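The values are calculated or read from the model by the stated rules, or taken from the named source; none is laboratory data. Fair warning: this is a prediction, and the values are worked out from it, not measured in the lab. Every residue, glycine among them, receives a Cβ derived from its backbone with ideal geometry; neighbour counts consider all protein chains shown. Protein only, heavy atoms only, side chains kept; ligands, DNA and RNA dropped before computing areas. Shrake-Rupley method; radii C 1.70, N 1.55, O 1.52, S 1.80 Å.
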Amino acid sequence: MFLPEKRGKLSAMATSLKVAVIGAGVSGIIAARELQRESHQVVVFEKSHRLGGTWVYDPRFESDLLGLDPNREIIHGSLYKSLRTNLPRQLMSFTDFKLSDKTYGDERLFPGHEEVLKFLEEFAGYFELTELIRFNTVVTRVELVDSEIIEFEVESKTNGVNTVEVFDAVVICNGHNSEPRPAFDIPGIETWSKKQMHSHNYRVPEPFRDQIVVVIGNGPSALDLSREIATVAKEVHMSSRSPHVKVSKLEKFSNIWQHAKIDCINQDGIITFEDGLSIDAHIIFHCTGYKCHVPFLKTNGIVSVQEKRIGPLYKHAFPPQLAPRLSFVGLPERSLTFLIVECQSKWIAKTLSMKISLPSKDQMLRDIEEHHGDIEDDGFPKAYTHFFEIENDYIDWISAQLGTNVEKKFAEMFKYIIYCAMSGNYYDTMDLFKKKFGI
Ligand code: FAD
């Protein structure tokens, strides 16, 4: 049986740095593994009592269901109880440690969230990463202390006790699925007096029983949750701003309708869609995604965090002025997350140990400008900066930096999933996928 190597061996030429990794979700644990493999000294800061990030189901939800109150108690997790992965287990795997080789009681091709968490725990245990993690420790400040040699102060809090330490490098893996981004650009929505909630705070369908619900969004959450709440709700009306959407009643469902964008909410509370139909709904359910949120980062304006763009970042990972000492893992959205964060982590770890070099600062800045320009030219808003359905070559590009190849079959599988989603066959993906790939 093939067993992957657990740790790296320090070669005489290698540079070993003291590196802080912030967060112990998928991104943080794979970053820790790759940094350790390159013999860096790694400390992983994790605010929760366990690893897994998103994949730790938390039945609690926030007091402000739209997540607007900055003083609310933040619940990190956004999983709902019944969630199954929206990618097959082959695509929820690392290159030498695969969920497709393992089952923990749920053998389905698209397993439940519990299976992914067990897999991540086994991964961290196998590679002896758990001992690198400081649990219950929230990072409150990462600040550039010396811009000449580049060092960072990391301030953290464990059980009320503050600690400040200096690190040579910081890898930010804090996740970007916790800070709701409700659709508040619809005329009349801010003053609508009935219930509104964001999918971040959804756990079970019961609160939607007998309700007429308008679901805003067209991504995986909107599609999954509309189907789930339709089992108890009276009517579900999905609203999408995508021009490709067909206004219709959904096949196979007696109570789900697809509409165009909401045009406005009238003073009497009636919601009018651009297709001309109007609904008197009980609940508006925002399945509209998340904002990037890095509240602890202080770089004197070198890195700015806007709603859904962190920048400037070379290839979604390095701010040119602070590269390679500051980096981000896990920003790409709607992507092959597990493979992407593994590639990014290898690239960052090897760049820190000077086995791979980056282009000059000016070249990196030019590349970023070009990328941002392309997004604009293609008519996409800034919010699409780290959105990956429109940029499929990223894994290939990083793999080339690493001198490796990623199996073509992964890209093919992912493309097929996206194709199913875009052609409106999302609900049938599992069957179509099994048929196409003979699984
Ligand atoms: P996270 O999992 O969010 O982990 C971040 C970690 O950082 C957390 O443990 C958090 O506690 C910690 N942290 C944050 N701030 C601090 C701080 N200041 N100090 C210390 N620790 C901190 N992806 C797929 O590939 N397949 C799917 O089927 C899929 N389904 C999804 C369904 C939902 C509902 C959501 C929300 C996401 C889904 N994703 C899916 C995407 C998913 O987010 C990624 O798979 C992956 O879990 C992201 O990992 P991450 O480590 O980048 O972030």
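Could you sort 112-118, 291-297, 304-310, 88-94 so that the peptide with the highest average Cβ count within 10 Å comes first and the rest follow in order?
Working: 112-118: 20.0, 291-297: 18.1, 304-310: 16.3, 88-94: 21.9.
Ranked by mean Cβ neighbours within 10 Å, highest first: 88-94, 112-118, 291-297, 304-310.
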Segment 189-286 - accessible surface per residue (Å², probe 1.4 Å)
47
Which listed residue (C264, A124, P243) has the Cα farthest towards the positive end of the charge dipole for the chain, taking +1 on Lys and Arg C-beta and -1 on Asp and Glu C-beta about the Cα centre?
A124
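What's the carbon and sulfur percent of segment 113-161's accessible surface, probe 1.4 angstrom, rounded to a whole number? Mind showing how you got there, number by number?
On the way: 1060 of 2280 Å².
Answer for segment 113-161 is 46 percent, counting heavy atoms of protein chains only.
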Once neighbouring chains are kept in place and the probe is 1.4 Å, which whole percent of the accessible area of segment 189-286 is contributed by carbon and sulfur?
49
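Report the extension gain between K434 and S304 in nm, rounded to one decimal, defined as 0.36 nm multiplied by the number of residues separating them, less their alpha carbon distance.
On the way: separation 130, 0.36 × 130 = 46.80 nm, distance 4.28 nm.
Once the chain is fully extended between K434 and S304, it gains 42.5 nm.
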Gain upon complete extension [K246, R60; 0.36 nm per residue less C-alpha separation]:
63.4 nm
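So what is the relative contact order of the chain, in percent, for Cα pairs below 8 Å that sit 6 or more residues apart?
16
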Of all DSSP beta bridges having both residues in segment 1-140, the percent classed as antiparallel (nearest 5) is 20
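Per DSSP H run of n ≥ 4, the term is -39500 (n - 2.57); total these for the chain, divide by its residue number, and report the mean residue ellipticity at 222 nm rounded to 500 deg cm²/dmol.
-7500 deg cm²/dmol
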In range of the label at D185: residues from segment 226-257 whose backbone nitrogen is under 13 Å from the point 7 Å along Cα→Cβ:
241-242
Over the Cα atoms, compute the radius of gyration (one decimal) and Dmax (the largest Cα-Cα distance, rounded to a whole number) for the chain, in Å.
22.2, 74
Please report the antiparallel percentage of the DSSP beta bridges confined to segment 189-286, to the nearest 5.
30
At 4 °C and 1.567 mPa s, the Stokes-Einstein diffusion coefficient in µm²/s for segment 189-286, with hydrodynamic radius from the Kirkwood sum on alpha carbon pairs, is 97
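Report for the chain the percent antiparallel among DSSP-assigned beta bridges with both residues inside it, nearest 5. Provide the component values of the computation, followed by the final result.
Details: 28 of 62 bridges.
In the chain, DSSP labels about 45 percent of beta bridges as antiparallel.
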If I build a Gaussian network model for the chain, linking alpha-carbon pairs within less than 10 angstrom, which residue out of R181, R33, R241 has the largest mean-square fluctuation?
R241
Under a crude label model (7 Å from the Cα following the beta-carbon direction), how far is I270 from R366 in nanometres?
5.9
Rolling a 1.4 Å sphere over the protein heavy atoms, what is the accessible area per residue of segment 323-413, to the nearest Å²?
49
Mind checking which lysines have their C-alpha under 23 Å from K382, skipping anything on the same chain fewer than 8 residues away?
K261, K291, K298, K308, K315, K361
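Provide the per residue accessible area, probe 1.4 Å, for segment 1-157, rounded to a whole number of square angstrom.
Numbers: 7110 Å² over 157 residues.
Roughly 45 Å² per residue, with all protein chains present.
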